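Input: a single structure, listed below in structure tokens.
Read-outs throughout are calculated quantities, based only on the coordinates presented, and are distinct from any laboratory measurement. Remember, predicted model here, so these are calculated numbers, not experimental data. Note that we place each Cβ from the backbone using ideal geometry, even for glycine, and neighbour counts take in every protein chain shown.
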Amino acid sequence: MGRGVKKLYTILSLLAFGSVVFAQPANDDCANAQTVTPNGTCVPGTTVGANDSWQGSVGCQSGGNHPDVWYTFTSTGAQAQFTITTSAPWSGNVEVVLVQGTCAAGFTLVGSQCGSPSLTATFNGLQSGTVYYYTISSTNTGTPGPFQSCLTTTTPPTFAGQDCNNAAILCNSTTVAQPTSNQGFGNQEVTTANSCWGIGGERQSKWFKFTIGCSGTLEFNINPLNSNDDYDWALWKITSDPTGCTTKGSSITCNWSGCTGSTGISSCVASEPGVKNCGASTGGDPCGSGSQPRAWGDWSSPGGGASSCLSNTINVTAGDAYALLVDNFTTSNSGFILTLGGACGGGTAKIGPNADFTYTAGTCGTYNFSKTCQTTNSAFLWQFGDGSTSNAQNPSHTYATFGTFVITLQVTDALGCVATFSRK
């Protein structure tokens, strides 16, 4: 949501023996933000003579005045990394506030980091091709001064582990590409007793973990880069030990078909990219005779329900955690593309934490805040824009003065993924 920008005033300091005028930096406000190319290029800047453009405290900022300068860039990847070094007379922490939006309509907070220089700040979840703004500011107790900032945006690869306890953590439903299929399987964690799989267990496995931010139905597509590869999968609920996976028990749904091509869970199997029909498999194939899209069957699993020839979507609950094993039965070195939500746009569940919220006005300056998707197994940090905070999921807050305040909710799930949402 929007953030108001304060009216800026030129401050002239008149001293007893003359006058000293600190000129405002050219990028002292949003409208004059300096454009930066996010390829590692470093640009000089200063907060000397700058004004505080944010209303109240934003992100990790403390209270009081925070002289800031503005920059803008177009992201070329999903991750942004800032490196900021300072020089005298700068003293105190560096504050970086990253936002998305426009100067006219306002901004949504992407994230913030505050710390001593040299400060390296990393933000994830950016969208390539999207324009972002950021401010660099001095603290209210520090001394403004010159600095140098360097910015790089990239999309780091997701490397899945070969065991549940070192699985790749997925914080949202972004499509995950695995260009290769690593040989081996680490610890053998799959048996005929805890899954629908037949003999052999894991062969060339990759593990992924994620939480559910909003309840709904879960769908996904595992599409081999080589359409002749046979991929299998199994899904576990690991809510009671999401990091160590020591209590995962039996899989709740899985597929061990010998059919090649794409596989997964979908409400529109015929529309899924890579789907193939093939003849009967052995060892529990529920599809019977004839040519069927058997890799999309929901095989009977020790921790799940009855099997079906075409996969049924499963209902998942906000706050629960899951582990997905993807295994290359063919043992080729060719990888796959994992699309959470299903490549045909199915699935209503929100993958990863969700921080959306609403509020209602009470009486005498009191407001009641409610997280849109109620959840469990998560940590909450509310910042009400007046220096007050709360760790409740649905807090109330009373403002002592009238004004426009930016309210921010940060949600951290059981796997350490973070989502932030702001509005005023």
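Here are the numbers:
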read-out: Estimated inter-spin distance, Q34 and Q55, nm [label 7 Å along Cα→Cβ]; value: 2.8
read-out: Estimated FRET transfer efficiency (S396, D356; beta-carbon r; R0 22 Å; 0.05); value: 0.75
read-out: Count of lysine pairs in segment 164-351 with Cα separation under 21 Å (8 or more residues apart, or interchain); value: 7
read-out: Chain lengthening between V43 and T141 when straightened (0.36 nm per residue, less Cα-Cα); value: 32.8 nm
read-out: Net length gained if the chain between N368 and N166 were fully extended (0.36 nm per residue, minus Cα distance); value: 68.7 nm
read-out: Per-pair calculated FRET efficiency, R0 = 51 Å: A26 and S289 via Cβ, rounded to 0.05; value: 0.10
read-out: Rounded to 5, percent antiparallel among DSSP beta bridges of the chain; value: 95
read-out: Dimensions in Å of segment 13-154 - Rg and Dmax from alpha carbons; value: 14.9, 53
read-out: Overall form of the chain per C-alpha gyration tensor (a/c, 1.5; a/b vs b/c); value: prolate
read-out: Options W90, T72, A31, ranked by Cα towards positive dipole end of the chain, top entry (Cβ charges); value: A31
read-out: Share of Cα-Cα pairs in segment 141-229 lying beyond 20 Å, as whole percent; value: 56
read-out: Most fluctuating residue given options N221, N27, N255, as computed from a GNM of the chain linking Cα atoms under 10 Å; value: N27
read-out: Extension gain (nm, one decimal) between T191 and S227, 0.36 nm per residue minus Cα-Cα; value: 10.3 nm
read-out: Size of electric dipole in the chain: Cβ of Lys, Arg +1 and of Asp, Glu -1, about Cα centre, debye, nearest 20; value: 560
read-out: Percentage relative contact order, the chain, counting C-alpha pairs under 8 Å, at least six apart; value: 16
